[in-house]
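One structure is given here, and the rest of the page talks about it.
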Amino acid sequence: MNRLDGETSPYLRQHADNPVEWYPWGAEPFELARQRDLPVFVSIGYASCHWCHVMAHESFEDEAVAEDLAHHFVSVKVDREERPDVDAVYMSAVQALTGSGGWPMSVFCTPDGRPFYAGTYFPPTDRHGLPAFRRVLAAMANAWADRRTEVEAQADTLAAAVARQGRLTDRLATGHTGDRRGGPEGTEAGVVLERLVSELSGRFDAEWGGWGSAPKFPRPTLVELCLLHHRRTGDPRSLTMATSTLDAMAAGGIYDHLAGGFARYATDRRWLVPHFEKMLTDQALLARAYLHAWQLTDRPDYLQVAAETLDYVLDDLAGAAGGLCSSRDADAGGVEGGHAVFTAAQVREVLAQGGRPELVEPALDWYRVTEAGSWEGTNVLHRPPGAPLARPDEVEAARRLLLEGRRRRPQPALDDKVLTEWNAMAVATLAEAAAATGNPRWAAAAEQVAGFLFANLRLPDGRWLRSWQGGRARHLAFAADQAWVVEACLRLAELSGRAMWTARAVEAGSNLLDRFWDAEGPGGFFTTAHDGERLIARPKEVVDGAVPSANSVATLALLRLAAVTGDDRYREPAARMLDLSAPLLAEEPGMVADLVLAVLIADRQTEVVVAGDRPDLLAVVRARWLPEAVLAWGEPTGGPLWEGRRDGLAYVCHRHACLSPAGDPATLAEQLEERV
């Protein structure tokens with residue numbers, strides 16, 4: 001019996017018709033394993049994962065595999081996006097055994113949840129150095145039956161490795177007695193940033209942008225740190241790294257030139273051939289990077305990319321109930337990228353059907369479509385790096401027709417679960433972009449999505465839930481969920497001037513500290529709440545991955561919340577987290593890039609208050625990228641930030657010590673340039 005058809009996760013429901021007797025994660029399968037004295041097979045993936053689909057078709061739809069699993073294991077299916085805590089614990093085991101990780105993840109556990117063997121994708125037959133999945137199943141079953149002592153010893157070893165990895169902040173704190181903030185103000189922050197930029201320079205791909213070789217993943221935080229380094233120092237090398245990377249990604253096939261938005265990563269060095277899945281997180285983080293690049297450089301193509309990316313989110317990922325869906329699959333009609341690529345003949349056909357055959361040559365030339373194709377006989381639409389992105393009228397007309405034609409094809413599946421972390425991340429970007437540009441659609445969407453989260457994923461006692469789908473919310477929220485809610489509320493307060501959003505940020509920040517902060521140990525935020533499910537380890541997420549780590553986001557959000565409220569209850573944990581991370585910041589700043597950003601913000605944190613009805617002064621602040629600043633305007637929220645403020649004036653302050661009030665835009669602009 002398969003028990004996944006009632007789950008809120010579309011990924012789990014994708015496996016509801018498998019012959020495998022799947023259980024969702026929970027106490028029941030582990031208790032059954034204990035009663036039957038069987039190991040547990042835990043399979044972890046997500047809905048838009050291409051190789052998860054491949055392994056499902058090859059193995060989990062196979063009756064023989066299902067029979068092997070039924071006889072020798074209890075089988076558990078996990079959506080890593082709904083349960084990042086489970087994913088993090090077992091990913092540590094995979095990495096400890098193999099030195100790398102990925103999805104699908106395949107983990108074999110004792111009935112108490114300790115892993116004793118783990119890997120990722122296993123093929124149906126031996127190939128490419130990987131053993132066949134049924135051979136792995138047989139070996140694990142035999143080991144459990146005949147070499148239990150060895151299995152238990154391996155489980156103990158792996159569980160200890162997972163626990164050590166999960167308490168990274170504790171290990172960093174051991175023997176560390178220095179204070180990152182010691183020395184002249186700003187010196188240490190500058191050193192950390194310079195070290196990171198030097199490290200990035202050594203890995204930078206000067207020809208195609210980005211860092212490293214294929215496959216290439218976008219790293220928006222690294223781009224933003226390069227922009228910030230140039231903004232602080234005027235160094236042209238950091239600006240070149242940032243703009244070359246942004247240019248190459250926007251020109252390449254990783255960017256969707258018809259619908260907007262970015263694929264998860266590029267399979268090649270040139271950013272040409274994407275892995276076609278689209279994640280909400282990538283859209284939020286990359287749109288923010290392009291927005292900041294536009295604010296710094298005033299290049300309209302960067303604003304174009306940011307705008308098209310955010311509009312893609314609202315056009316394609318908006319759920320009917322008000323939240324934002326998680327992702328679009330890489331596959332359509334059983335073919336990876338089948339919905340997105342074109343042959344030259346298909347371009348001609350679509351434009352002819354649209355009654356515009358005269359657009360064929362402009363479209364073929366603009367999107368570099370050839371008879372030979374750029375990928376497997378088809379064309380991934382792209383532009384040459386550095387070529388204009390602003391489309392002439394005839395190309396824009398062709399784009400619209402090609403997009404209509406594409407939408408008539410089989411479409412990739414939509415993962416329609418609403419995740420608190422990912423939605424709050426998108427709200428923060430939408431609100432910041434709306435404030436910078438005045439775009440009313442983004443402003444309305446930011447408030448609508450945030451309202452959905454507060455209405456559907458917050459419990460009456462203030463606790464948050466992780467995931468919503470089909471009218472049901474499940475799973476206690478994690479630290480990253482709570483931290484992004486704080487950030488989203490602060491950005492909405494800056495956008496709207498409404499005191500309600502500041503109050504909600506305070507509530508969410510207090511819950512973050514009360515439920516996740518390690519008050520009895522060295523500090524840092526646990527991934528799970530104090531009242532959350534107990535796994536074999538309770539990790540603290542410090543190193544950044546595809547998204548910023550929970551501790552990075554929490555540190556940044558609490559620094560901003562402390563500046564808005566003047567309450568050191570929020571500043572002190574953030575400062576403690578930076579101090580705990582000093583060894584990583586000194587030795588491997590690229591691993592904790594978002595904490596580097598927090599160091600820089602802590603160094604020059606600035607408060608700007610616009611009191612009374614002064615839209616001209618507000619416009620001066622919003623016209624600039626001010627990553628170190630928080631903005632307060634509109635409804636006063638009390639506290640030291642608002643004490644003694646006179647209507648009609650703007651105040652630029654550092655730790656609530658202010659420059660002379662500015663009553664005109666030119667004076668305010670000068671003060672902002674001096675301070676930040």
Filter result (basic (Lys, Arg) and modelled with pLDDT of 95 or more) within segment 426-463: Arg441, Arg458
Lone qualifier among Arg466, Arg474 - being modelled with pLDDT under 95 and not in a loop (DSSP other than H, G, I, E, B): Arg474
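Every residue, every condition in (1) within 21 Å of Arg624 (Cα to Cα); (2) not β-branched (Val, Ile, Thr), yes or no:
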residue: Thr420; (1), (2): no, no
residue: Ala426; (1), (2): yes, yes
residue: Gln448; (1), (2): no, yes
residue: Gly462; (1), (2): no, yes
residue: Leu465; (1), (2): no, yes
Residue match in segment 492-513 (condition: surrounded by fewer than 24 Cβ atoms within 10 Å (Cβ to Cβ), in contact (Cβ under 8 Å) with a residue 24 or more places away in the chain, more than 30 Å from Gly638 (Cα to Cα) and basic (Lys, Arg)): no
Single unsatisfied condition, Leu239 versus (1) crowded, with 20+ Cβ neighbours inside 10 Å; (2) not in a loop (DSSP other than H, G, I, E, B): (1)
From the options Glu394, Glu371, Glu421, residue that is outside any loop (DSSP other than H, G, I, E, B), touching a residue at least 24 places away in the same chain (Cβ under 8 Å) and more than 30 Å from Leu476 (Cβ to Cβ): Glu394
Verdict on Leu402 being at pLDDT 95 or above and either touching a Leu at 6+ places or on another chain (Cβ under 9 Å) or within 30 Å of Arg458 (Cα to Cα) (or both): yes
Options Leu258, Leu296: the member that is more than 24 Å from Ser48 (Cα to Cα), modelled with pLDDT of 95 or more and over 20 Å from the mean Cα position of the chain (by Cα): Leu296
Criterion: on the phi < 0 side of the Ramachandran plot and surrounded by fewer than 18 Cβ atoms within 10 Å (Cβ to Cβ) - qualifying residue of Glu421, Glu432, Glu394: Glu394
Residues (in a strand (DSSP E or B) and closer than 20 Å to Leu296 by Cα) located in segment 608-627: Val608
Filter result for Thr98 (of a type in the set (S, T, N, Q), at pLDDT below 95 and closer than 13 Å to Ile44 by Cβ): no
Residue match in segment 525-535 (condition: out of contact with any Asp or Glu (no Cβ under 6 Å at 6 or more places or on another chain) and among the β-branched types (Val, Ile, Thr)): no
Residue ID - modelled with the lowest pLDDT, chosen from residues in segment 106-140 that are surrounded by fewer than 21 Cβ atoms within 10 Å (Cβ to Cβ) and aliphatic (A, V, I, L, M): Leu130
Matching residues, segment 16-55, being within 19 Å of Pro115 (Cβ to Cβ), aromatic (Phe, Trp, Tyr) and under 30 Å from the mean Cα position of the chain (by Cα): Trp22, Tyr23, Trp25, Phe41
Odd one out for Ala214, checked against (1) assigned to a helix (DSSP H, G or I); (2) under 23 Å from the mean Cα position of the chain (by Cα): (1)
Ala562 among the small types (Gly, Ala, Ser), surrounded by 24 or more Cβ atoms within 10 Å (Cβ to Cβ), in contact with a helix residue (DSSP H, G or I) (Cβ under 8 Å, 6 or more places away or on another chain) and under 22 Å from Arg655 (Cβ atoms): no
Per-region count, segment 639-659, residues part of a loop (DSSP other than H, G, I, E, B) and within 28 Å of Leu597 (Cα to Cα): 4
Strands (runs of 3 or more DSSP E) contained in segment 1-116 and holding at least 1 residues in contact (Cβ under 8 Å) with a residue 60 or more places away in the chain, in contact with a strand residue (DSSP E or B) (Cβ under 6 Å, 6 or more places away or on another chain) and of a type in the set (S, T, N, Q): 40-45, 105-109
Answer residue from segment 524-538, given it is of a type outside the set (Ser, Thr, Tyr) and in contact with a Phe, Trp or Tyr (Cβ under 7 Å, 6 or more places away or on another chain) and is surrounded by the fewest Cβ atoms within 10 Å (Cβ to Cβ) among those: Arg538
All positions within segment 549-600 that are of a type in the set (Ser, Thr, Tyr), over 18 Å from Ala493 (Cβ atoms) and in contact with a Pro (Cβ under 9 Å, 6 or more places away or on another chain): Thr555
Matching helices (runs of 4 or more DSSP H) fully within segment 514-589 where at least 1 residues are of a type in the set (Lys, Arg): 550-565, 568-580
Single residue of segment 323-359 satisfying the filter (of a type in the set (Val, Ile, Thr) and touching a residue at least 24 places away in the same chain (Cβ under 8 Å)) that is nearest to Arg408 (Cα to Cα): Val350
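The values are calculated or read from the model by the stated rules, or taken from the named source; none is laboratory data. Model, not experiment: these values are computed from the prediction. Neighbour counts are summed over all protein chains in view; Cβ atoms, including those assigned to glycine, are modelled from backbone coordinates with ideal geometry.
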